[in-house]
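Scroll down for the structure; my scribbles are underneath it.
The values are calculated or read from the model by the stated rules, or taken from the named source; none is laboratory data. Quantities reported herein were computed from a predicted structural model and do not represent experimental measurements. Ideal geometry is used to build each Cβ from the backbone, glycine not excepted, and the neighbour counts take in all protein chains shown.
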Amino acid sequence: MQVKKGILSRNDARFQLLLCILLAVLFLAIYLFVVAFSDVSPVWTGLILLLLYCAVAGSIYAVTYKKLAALRAEQEAAETIHTEILDLFKYAVGLPYAVVDTSGRIQVANRELQKILGVTTSLYKGQLADYCAVNIRELLGLDTQPNNNEEEKEKPVTLNGRQFRPGAHKLTLKALPPETEYYMVVFYEVTELLQARSALDDQKTVVAYIVLDNLEELAQYVRVSFRSAANEIEGILKSWAGEIGGMLREYERDKYILLFSQKQLENCIENQFDILETIRNVRLGDNSMPVTVSMGISTAGATLAERERDAAATLDLALQRGGDQVALRRGKNVEYFGGRTKTVKKRTKVRARVSSAQLCARIAEAKNVLIMGHRNPDFDSVGACIGIARLCMFCGVSAKVIINRDCDVFRILASRLMRYEEYADMFIDGNLGLDLIGSTTLLIVVDTNNFVISEAPEVAANVPKIAIIDHHRQVGEFDFDPVLNYIDPSASSACELIAEILEQSLPEGTLLKEEANAMLTGIMLDTNRFTKDTGSRTFAAALYLQGEGANTEIARRNFEDDIKDFMAEASFSKDIVIYRERMAITRSTGTGDPMVDRIAASKAADKLLTVRQVDASFALVEAGSTIHISARSNGTINVQLILEKLKGGGHFDAAGAQVQESTMEQATALLTAAIDEIVPA
């Protein structure tokens, strides 16, 4: 029953009338007692008691009236709230909802929500957060630091095994004062929608490109039928495609395209693409040379055409990282699987001829050329820069080499060249390089494809055109299109690649003997003086340089150490441990000279490989708050994959990394964790 303002209900009036009668009886009894047992005048006694009765009765009436009126108003407001809620949702049949306050406490839950929550009353007062993982203040728009992660915002909540997306609506209830805030939280069920979307995603078509990346080279080393071996690999691939419900087609000799579902892709990821190991078990000749394949796979893109283009690009990444691996693009990131065998040396020089022609054309188009290698340059980096500088001179284009002139390597290799007029102002620093950038400037980066460790990253970030020549595995995608991307991990050194380019481009006798000696020194460094990572191309490049005036004795003298270098290398012998019976880890606090320590670490890692039963070695040295790591392998362990976990890179059997803001113990722990992740027990 509702009441109007200022008027009490009949039951309230009866209560007050009864209270007044009881009070009148009390005062009458007092009057009779006073008159009977005292000499006070009955008239004055009655008058005084009457006035007192009126005052007390009036006060009681006023107090009880106010309290009863407030109670009735609250009841009326509650009834009005329920009425407004019913009016608001009278068309929302079957939608579960709750009215909550700003703390997330439920005030009212409708019948549908009661069934889901398992409660029996609509006036349940529990917290909404007790039933679903939802930030109620963010949902209500009250969070002062909202979450900007759209994926988390769109993530559904689960109630009793069903999935819902909650939505909040602020309520303006006339029966409540303006400062009171309530919110209607409605749960829109999306269980079937998400199931349908998941089923659709599972059937999404994935595009993969597959190539046999070393069969042709292997067939040159062993007496085996190339075609029969290729047919055996094709049979394995077709069998695998059938297992995952895919369609495999050969579009070119020993090159395939595969279409299959994303659900099967998840299974392949779970088993780490064991098809790589299956094919790797196919041996040619004397069972010592495995066959390998590379794959580029893409799930990115809204159309098949976009996924096909991405798959082709990721295949290039897999090949430039040395092959025998899968490069998978999902969204913006590229993941890698495999890469556990050493790259087979390729004997063909077709790519060198094509790259030479492209590079000469790009140089001729440029007004000026900037050349640089990596920071803390070694003989290979400096020798490669000198070789490219000679090519630019031959093309008649002004060139400058960006390098740190204070390093010992520069002093050893370039000091003789500085006597020539054409090299007098050839070498500059990064600041001057920035001033030389123009709209047609070409930057040629050698011996690295990671611009973070290049000699002048700021130059690479501002120059319009970039060409890359490197023998290290590509660490990731570029955010630009290089005018030349000549990355060949099968080469022993950058100087080997550039020697091949110069052989294709320059007339005989063009190189200065000092230039030839610098490049030969670079090859000797990365091959440990022709004792590792060499092939026919390596010796062919060295023979070409020797024909241009290089002398192996002069190149050997470049490796002579002074006493400081010798002591730095000797410091690693004090702390050596054998990890997992086949890997050696040595550590040093260093000499305080980062360049000397870095070279000493690489030498210490090389020397540890001569220890019996050591398959991989790691040398760690302190350089302030940075720990530099040099890694070497005899070809049975991929140290590049290990150091990539520490944001490093390099080759299958020679790699490096720098752990920033770390102690020696922390860096060692990170290294052993990376080893455990990559190298099977």
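With Ile599, Ile578, Ile627 as the choices, which residue is touching a residue at least 12 places away in the same chain (Cβ under 8 Å), part of a strand (DSSP E or B), over 30 Å from the mean Cα position of the chain (by Cα) and outside the structural domain of Asp380 (by TED's automatic domain parsing)?
Ile578
Please count how many residues of region 300-324 are over 22 Å from Ser261 (Cβ atoms) and not in a helix (DSSP H, G or I). I'd like the intermediate steps shown before the answer.
Taking region 300-324 and keeping what is over 22 Å from Ser261 (Cβ atoms), we get 316-317, 319-324.
Adding the requirement that they be not in a helix (DSSP H, G or I) leaves 321-324.
Total satisfying the criteria: 4.
What pairs come out if I take residues in region 461-489 that are more than 15 Å from Arg351 (Cβ to Cβ) and pair them with residues that are of a type in the set (Val, Ile, Thr) and at pLDDT below 85 whose C-beta lies under 9 Å away, six or more apart or interchain?
Pairs found: Arg473/Thr343.
For (1) under 19 Å from Gly648 (Cα atoms); (2) surrounded by 19 or more Cβ atoms within 10 Å (Cβ to Cβ), each residue gets a yes or a no:
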{"site": "Asp435", "(1), (2)": "no, no"}
{"site": "Gly438", "(1), (2)": "no, no"}
{"site": "Asp447", "(1), (2)": "yes, yes"}
{"site": "Pro457", "(1), (2)": "yes, no"}
{"site": "Asp481", "(1), (2)": "no, no"}
{"site": "Ile523", "(1), (2)": "no, yes"}
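Kindly provide the set of residues from region 320-339 that are buried (at least 21 other Cβ atoms within 10 Å of the Cβ) and within 16 Å of Ala300 (Cα to Cα), ordered by number.
If the condition is that a residue be buried (at least 21 other Cβ atoms within 10 Å of the Cβ) and within 16 Å of Ala300 (Cα to Cα), then Val326, Ala327, Leu328, Arg329 are the ones that fit.
How many residues are touching a strand residue (DSSP E or B) at 6+ places or on another chain (Cβ under 9 Å) and under 14 Å from Tyr544 (Cα atoms) when one looks only at region 496-531?
3
With the structure loaded, tell me whether Val43 is assigned to a helix (DSSP H, G or I), surrounded by fewer than 11 Cβ atoms within 10 Å (Cβ to Cβ) and at pLDDT below 75 or whether it fails that test.
Details: assigned to a helix (DSSP H, G or I): yes; surrounded by fewer than 11 Cβ atoms within 10 Å (Cβ to Cβ): yes; at pLDDT below 75: no.
When the stated conditions are applied, Val43 does not pass them.
Go through Glu455, Glu421 for me and flag whichever is more than 24 Å from the chain's Cα centre (by Cα), within 20 Å of Gly522 (Cα to Cα) and acidic (Asp, Glu). Spell out the reasoning first.
Numbers: Glu421 fails: within 20 Å of Gly522 (Cα to Cα).
After applying the criteria, what remains is Glu455.
Among the numbered criteria (1) modelled with pLDDT of 90 or more; (2) among the small types (Gly, Ala, Ser); (3) at positive phi, which single criterion is violated by Gly592?
(1)
Conditions (1) of a type in the set (S, T, N, Q); (2) modelled with pLDDT of 90 or more, marked per residue:
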{"position": "Ala175", "(1), (2)": "no, no"}
{"position": "Tyr188", "(1), (2)": "no, no"}
{"position": "Asp202", "(1), (2)": "no, no"}
{"position": "Asn214", "(1), (2)": "yes, no"}
{"position": "Asn231", "(1), (2)": "yes, no"}
{"position": "Gly242", "(1), (2)": "no, yes"}
{"position": "Tyr256", "(1), (2)": "no, yes"}
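To keep it simple, each residue is scored yes or no on (1) at pLDDT 95 or above; (2) part of a strand (DSSP E or B); (3) surrounded by fewer than 18 Cβ atoms within 10 Å (Cβ to Cβ).
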| position | (1), (2), (3) |
| --- | --- |
| Val354 | no, no, yes |
| Ala357 | no, no, yes |
| Ile371 | yes, yes, no |
| Asn376 | no, no, no |
| Ser381 | yes, no, no |
| Ile386 | yes, no, no |
| Ala389 | yes, no, no |
| Cys392 | yes, no, no |
| Ala399 | yes, yes, no |
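From (1) out of contact with any Ser or Thr (no Cβ under 8 Å at 6 or more places or on another chain); (2) β-branched (Val, Ile, Thr); (3) in a strand (DSSP E or B); (4) at pLDDT below 90, pick out the condition that doesn't hold for Val334.
Of (1) out of contact with any Ser or Thr (no Cβ under 8 Å at 6 or more places or on another chain); (2) β-branched (Val, Ile, Thr); (3) in a strand (DSSP E or B); (4) at pLDDT below 90, only one is false for Val334: (1).
Got at least one residue in region 490-507 being closer than 23 Å to Thr314 by Cβ and either of a type in the set (Ser, Thr, Tyr) or not in a helix (DSSP H, G or I) (or both)?
Taking every residue of region 490-507 in turn, at least one turns out to be closer than 23 Å to Thr314 by Cβ and either of a type in the set (Ser, Thr, Tyr) or not in a helix (DSSP H, G or I) (or both).
Within the set of pairs 6+ apart or on separate chains, which have a first residue in region 246-262 that is of a type outside the set (Ser, Thr, Tyr), a second that is loosely packed, with under 12 Cβ neighbours inside 10 Å and assigned to a strand (DSSP E or B), and C-beta atoms under 9 Å apart?
Every condition considered, the pairs that remain are Ile257/Met247; Ile257/Arg249; Ile257/Tyr251; Leu258/Met247; Leu258/Arg249; Leu259/Met247; Leu259/Arg249; Phe260/Met247.
Looking only at region 579-587, decide whether some residue is among the β-branched types (Val, Ile, Thr) and either at pLDDT below 95 or touching a Gly at 6+ places or on another chain (Cβ under 7 Å) (or both). Walk me through it before giving the result.
Our first condition is that a residue be among the β-branched types (Val, Ile, Thr); within region 579-587, this holds for 585-586.
Retained after the next criterion (residues that are either at pLDDT below 95 or touching a Gly at 6+ places or on another chain (Cβ under 7 Å) (or both)): none.
No, region 579-587 contains no residue that is among the β-branched types (Val, Ile, Thr) and either at pLDDT below 95 or touching a Gly at 6+ places or on another chain (Cβ under 7 Å) (or both).
Filtering region 630-654 down to residues that are in a strand (DSSP E or B) and out of contact with any Asp or Glu (no Cβ under 8 Å at 6 or more places or on another chain), which residue is surrounded by the most Cβ atoms within 10 Å (Cβ to Cβ)? Steps first, answer last, please.
First, pick out the residues of region 630-654 that are in a strand (DSSP E or B): 630-633, 649-650, 654.
So of that shortlist, the ones also out of contact with any Asp or Glu (no Cβ under 8 Å at 6 or more places or on another chain) come out as 630-631, 649-650.
Working: Ser630: 28, Ala631: 31, Gly649: 22, Gly650: 23.
Of everything passing the filter in region 630-654, Ala631 is surrounded by the most Cβ atoms within 10 Å (Cβ to Cβ).
Examine region 161-168 for a residue that is on the phi > 0 side of the Ramachandran plot and modelled with pLDDT under 80, and state whether such a residue exists. Lay out the reasoning, then the answer.
Here is the first cut: in region 161-168, the ones on the phi > 0 side of the Ramachandran plot are 161.
Next cut, modelled with pLDDT under 80 only: 161.
Among the residues of region 161-168, at least one is on the phi > 0 side of the Ramachandran plot and modelled with pLDDT under 80, which makes the answer yes.
Which one of these does Ala570 not meet: (1) free of Cβ contacts under 8 Å to residues at least 40 places away in the same chain; (2) over 23 Å from Arg405 (Cα atoms); (3) not in a helix (DSSP H, G or I)?
So Ala570 meets the others, but not (3).
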